[in-house]
Amino acid sequence: MENEHRSKPVKPKNILIQVTEEGTLKTNVRVPFFMLKMGLKFGQMAANAKKPGAREEELERLKDIDMDAILEALNSGELSLPCLLVDVDEPNKNQHVKITLE
């Protein structure tokens, strides 16, 4: 029963970022999940502060990322690990980017 709450919370360990160009894997980086959460919190604080010189448009996008909602979906069974967060294919540039929560 997928929608039942799990007895033990799901705790992602890493976020995997892979960039492929011309069919060759150019970037394969694993970042500890706690660092991602910390970075999002700092970014969201900066977006709220609207510091002079900050890239406000990019920071504004961080406000819409709800990592708690993603974690809730994992714990409810709606999502499971590994969880593909981003899958972007740029055929004109022959590039592919995947970001996966593991």
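Rule-based calculations on the coordinates, nothing more; no lab input. Just so you know, these numbers come straight off a predicted model, no measurement behind them.
Points to keep in mind about this one:
- Taking amide H as placed 1.01 Å from N in the peptide plane, the amide H of N14 sits under 5 Å from that of F33, E102, each at least 5 places away or on another chain.
- L79 long-range amide H proximity, modeled H, under 5 Å: L74
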